[in-house]
1. If the Cβ limit is 6 Å and pairs must be 6+ apart or interchain, which residue in region 30-56 that is closer than 22 Å to residue 99 by Cβ and open to solvent by 60 Å² or more (accessible area, probe 1.4 Å) pairs with which residue that is among the basic types (Lys, Arg) and part of a strand (DSSP E or B)?
2. If you go through region 57-68, how many residues are open to solvent by 10 Å² or more (accessible area, probe 1.4 Å) and either over 12 Å from the mean Cα position of the chain (by Cα) or of a type in the set (A, V, I, L, M, F, W, C) (or both)?
3. Pick from 80, 91, 128: which is surrounded by fewer than 17 Cβ atoms within 10 Å (Cβ to Cβ), on the phi < 0 side of the Ramachandran plot, part of a strand (DSSP E or B) and of a type in the set (Lys, Arg)?
4. I'm checking my understanding of the structure. Among residues of region 41-70 that are touching a Pro at 6+ places or on another chain (Cβ under 7 Å) and not acidic (Asp, Glu), which one is nearest to residue 90 (Cα to Cα)?
5. Of all residues in region 47-77, which are among the charged types (D, E, K, R) and assigned to a strand (DSSP E or B)?
6. Just one of the numbered conditions (1) without any contact (Cβ under 8 Å) to a residue 24 or more places away in the chain; (2) over 15 Å from residue 43 (Cβ atoms); (3) in contact with a strand residue (DSSP E or B) (Cβ under 8 Å, 6 or more places away or on another chain); (4) not acidic (Asp, Glu) is not true of residue 115; which one?
7. Restricting to region 99-121, count the residues that are under 13 Å from residue 57 (Cβ atoms) and either out of contact with any Ser or Thr (no Cβ under 9 Å at 6 or more places or on another chain) or not in a loop (DSSP other than H, G, I, E, B) (or both).
Amino acid sequence: LVAAAGVGAFAGALVAQSPAFNRTIIQRGDVSVPGYEAVVARLEIGPRVTGEWHTHPGDEISYVLEGEAELLIAGQPPRKISPGEAIVIPKGTVHNARNSRTVPLRALSVYVVDKSKPLTSPAPAPEK
């Protein structure tokens, strides 16, 4: 999922695809898998925003805090996500999120990723 989250009390590095799609990193730390790290982030998708198709070099686990959106996974129908729901996106899965509402979507996301690679890599939009 695009995972969604707002700015928390912790200062973190900001990774932003656009002003309306923000990923704020709260903390990074090594995990028990050699060469991998956990990245905890708050993600926010602004109103009427569709993100960019992308992948992660590991798994994404996100929990929706506020708002609603559609999780878009290549080869699957759109899935509505709402507060209280969690998503798991496996390593390398081409995905995106679309917020067609008038309020932001915010989520807490944990990525367990290969720390030698970028957290997010662009991917071509799937053919329809």
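The values are calculated or read from the model by the stated rules, or taken from the named source; none is laboratory data. Since we're looking at a predicted model, the values are computed, not measured. Positions of Cβ are backbone-derived with ideal geometry, glycine not excepted, and every protein chain shown enters the neighbour counts. The accessibility values were calculated without ligands, DNA or RNA, using every heavy atom of the protein model including side chains. Shrake-Rupley method; radii C 1.70, N 1.55, O 1.52, S 1.80 Å.
1. Pairs that qualify, where the first residue is closer than 22 Å to residue 99 by Cβ and open to solvent by 60 Å² or more (accessible area, probe 1.4 Å) and the partner is among the basic types (Lys, Arg) and part of a strand (DSSP E or B), are 50/98.
2. Going residue by residue through region 57-68, those that are open to solvent by 10 Å² or more (accessible area, probe 1.4 Å) are 57, 59, 61, 63, 65-68.
Those left that are additionally either over 12 Å from the mean Cα position of the chain (by Cα) or of a type in the set (A, V, I, L, M, F, W, C) (or both): 57, 61, 65-68.
So the answer is 6.
3. On the way: 91 fails: part of a strand (DSSP E or B); 128 fails: part of a strand (DSSP E or B).
Checking each option against the conditions leaves just 80.
4. Here is the first cut: in region 41-70, the ones touching a Pro at 6+ places or on another chain (Cβ under 7 Å) are 44-47, 52-54, 59, 64-67, 70.
Adding the requirement that they be not acidic (Asp, Glu) leaves 45-47, 53-54, 64-65, 67.
Working: 45: 21, 46: 24, 47: 26, 53: 15, 54: 12, 64: 17, 65: 21, 67: 23 Å.
My answer is 54.
5. Keep residues of region 47-77 that are among the charged types (D, E, K, R), which gives 48, 52, 59-60, 66, 68, 70.
Residues satisfying the conditions are 59, 60, 66, 70.
6. Among (1) without any contact (Cβ under 8 Å) to a residue 24 or more places away in the chain; (2) over 15 Å from residue 43 (Cβ atoms); (3) in contact with a strand residue (DSSP E or B) (Cβ under 8 Å, 6 or more places away or on another chain); (4) not acidic (Asp, Glu), the lone unmet condition for residue 115 is (1).
7. First, the residues of region 99-121 that are under 13 Å from residue 57 (Cβ atoms): 111-121.
Next, from what is left, pick out any that are either out of contact with any Ser or Thr (no Cβ under 9 Å at 6 or more places or on another chain) or not in a loop (DSSP other than H, G, I, E, B) (or both): 111-119, 121.
Qualifying residue count, region 99-121: 10.
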